[in-house]
1. Any residue at all in the stretch 393-407 that is assigned to a helix (DSSP H, G or I), of a type in the set (S, T, Y), within 11 Å of the ligand (Cβ to nearest atom) and in contact (Cβ under 8 Å) with a residue 24 or more places away in the chain?
2. Among (1) under 21 Å from the mean Cα position of the chain (by Cα); (2) closer than 27 Å to I242 by Cα; (3) in contact (Cβ under 8 Å) with a residue 60 or more places away in the chain, where does K424 come up short?
3. Could you check the stretch 338-368 and list, in sequence order, the residues that are within 13 Å of the ligand (Cβ to nearest atom) and either polar (S, T, N, Q) or in contact with a His (Cβ under 9 Å, 6 or more places away or on another chain) (or both)?
4. Residues of the stretch 46-74 being touching a helix residue (DSSP H, G or I) at 6+ places or on another chain (Cβ under 8 Å) and polar (S, T, N, Q), which ones?
5. Sort out which residues of the stretch 321-335 are touching a helix residue (DSSP H, G or I) at 6+ places or on another chain (Cβ under 8 Å), in a strand (DSSP E or B) and either hydroxyl-bearing (S, T, Y) or without any contact (Cβ under 8 Å) to a residue 60 or more places away in the chain (or both), and write them in order of number.
6. Here are some residues: A432, A491. Which one is exposed (fewer than 15 other Cβ atoms within 10 Å of the Cβ), in contact (Cβ under 8 Å) with a residue 12 or more places away in the chain and of a type in the set (A, V, I, L, M)?
7. Among residues belonging to the stretch 173-190 that are hydroxyl-bearing (S, T, Y) and part of a loop (DSSP other than H, G, I, E, B), point out the one that is farthest from the ligand (Cβ to nearest atom).
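The values are calculated or read from the model by the stated rules, or taken from the named source; none is laboratory data. Keep in mind that this is a model prediction, so the values were computed, not measured. Here the Cβ positions follow ideal geometry from the backbone for every residue, glycine too, while neighbour counts run over all protein chains shown.
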Amino acid sequence: SSILCAEVDLTFPDDFMFGAATASYQIEGAWNVDGKGESIWDHYSHNYPEYMKENATGDDAAKSYYKYKEDVKALKDMGMNHYRFSISWPRIFPTGLPNNVNEKGIKYYNNLINELLKYNITPVVTMFHWDLPQYLQNLGGWTNEIIVQYFEDFARILYERYGDRVSVKWWLTFNEIQNICFGTRTKKTFAPEPVTPGIGYYLTGHNILKAHARAYRLYEKEFPRDKQHGKISIAKEIMWPIALNESSECDQAAVNKNLLFTSRWLLDPIFSKQGDYPQELKDIIANKSKEQGFKQSRLPTFTPEEVKYIRGTADYLGLNEYTSYLVTMNEKKGNVSMADDMGVTIYISDTWITSKNSAWLSMNPQSMRSVLNWFKDNYGEQYGVLITENGFADGGDLDDDMRIKYYGTYFAEMLKAIHIDKVKMIGHSAWALIDNLEWTTAYTSKFGLYHVDFKDPERKRTPKKSSYFMKNLTSTRRLPEEYLKLSDDLAER
Ligand code: GBH
């Protein structure tokens, strides 16, 4: 029976999955151990140390390659049902090509999966969380369509070697496609280093959509669902845009334009009934391209067969949901880039509580409910939603009260989405299980429910206060009432 409170049911449905997430480059270390090949993040951090905070690298990171049993124990101690982790492609195929399988790499993830299964923790496997084999990058990375075939080969070996265990059924092909595209925008914030904004940017998204669909269709064809019971999707990041001036029609238009360029661009081809890129997006980029002297649109086109092939290639939605920003229209002409095509400026309100060294991330719990409703209204209510990431950054203190407040208020809004708005939720994965390398921000911004001592060669893990909050949540399956009010207070800011 549910406990009702201030008219919001504060209990989590019985089948709601609690879990936590990580990604290979951010935690594993052992960058050149046991036959692993070089990834673009190894290459980038070694060759452009000036772009990494404190010249850090992921060479050792949290040493999860050696300490994975401790990571699993942390999940178990918090009473969690699932673990979202990613596979390092160059650990499996050192060059990314399928002609050379690294059995030691295969074994590492088998050990991890078996350790999870010992404790009834369900694996949620991300195939690609940004650590592309450098060899494939040398071929042009995601801008060369040849990679679609190589991604299919990579997906096949994962299904073959890991999909045999029934509880290995939650797959995510890609983490945050748009962020992979951002790798073409400027060398300073993201690997790889070739910078081709406005062209490589769209080409990257285009080939990734094709690669995703290939992995999905491959599963349908070669891994019958009566034998493997997989559910496949992507993890999409959606930051919720809010009109800078709520009564301005122009700012309202900026909200829609922002969603068009950040989210509908990649979601419509997979989740919409008609498939393909939105017509509005095609028109804007075609017109811009023409104005700029291009003979054709910088946005690549799908053939009708490709539209059909990509449409419907998801069994649920993986959602990385962190925060909001304010948007307003920007008519200034800039360089050839997605930002210029979109023509929207983004602000963070100085009344918001932002997180340490990750200024883009502010505490905006309402973004959770808004995004969940937006997705349902746009793509239908048939898709269950698994929150694949959600979390707050700080300096790494064990007394992480801000993180607790963040999770408490975001869960409050999620419960409203579940019980009031009838959004079909699968579960929640906290980012992150342990402190890790936060990409170029490296070790200056910490997201873990567990502290990792990066000065200690043993990388000792210690539970933070927030891990006890999670433990309480998984055992009571009920959110303490105070977070409803705390969330309302944050909305006032
Ligand atoms: C997720 O990405 C990632 O999946 C995960 O690996 C990461 O650790 C986690 O979130 C926390 O950040 O160019 O200055 O406007 C989100 C990472 C955040 C990267 C927003 C790009 C834009 C910053 N992204 N960011 S900026």
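1. Within the stretch 393-407 (the criterion being assigned to a helix (DSSP H, G or I), of a type in the set (S, T, Y), within 11 Å of the ligand (Cβ to nearest atom) and in contact (Cβ under 8 Å) with a residue 24 or more places away in the chain), the answer is no, since none of the residues qualifies.
2. Going through (1) under 21 Å from the mean Cα position of the chain (by Cα); (2) closer than 27 Å to I242 by Cα; (3) in contact (Cβ under 8 Å) with a residue 60 or more places away in the chain one by one, K424 breaks only (3).
3. T345, T354, S355, N357, S358, S362, listed by residue number.
4. Within the stretch 46-74, N55, T57, S64 meet the criteria.
5. If the condition is that a residue be touching a helix residue (DSSP H, G or I) at 6+ places or on another chain (Cβ under 8 Å), in a strand (DSSP E or B) and either hydroxyl-bearing (S, T, Y) or without any contact (Cβ under 8 Å) to a residue 60 or more places away in the chain (or both), then S324, T328 are the ones that fit.
6. That would be A491, the only listed residue that is exposed (fewer than 15 other Cβ atoms within 10 Å of the Cβ), in contact (Cβ under 8 Å) with a residue 12 or more places away in the chain and of a type in the set (A, V, I, L, M).
7. Looking at residues that are hydroxyl-bearing (S, T, Y) and part of a loop (DSSP other than H, G, I, E, B), I get T184.
Residue by residue, here is whether (1) more than 16 Å from the ligand (Cβ to nearest atom); (2) assigned to a helix (DSSP H, G or I); (3) modelled with pLDDT under 95 holds:
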site: T204; (1), (2), (3): no, yes, no
site: N207; (1), (2), (3): yes, yes, no
site: P224; (1), (2), (3): yes, no, yes
site: D251; (1), (2), (3): yes, yes, no
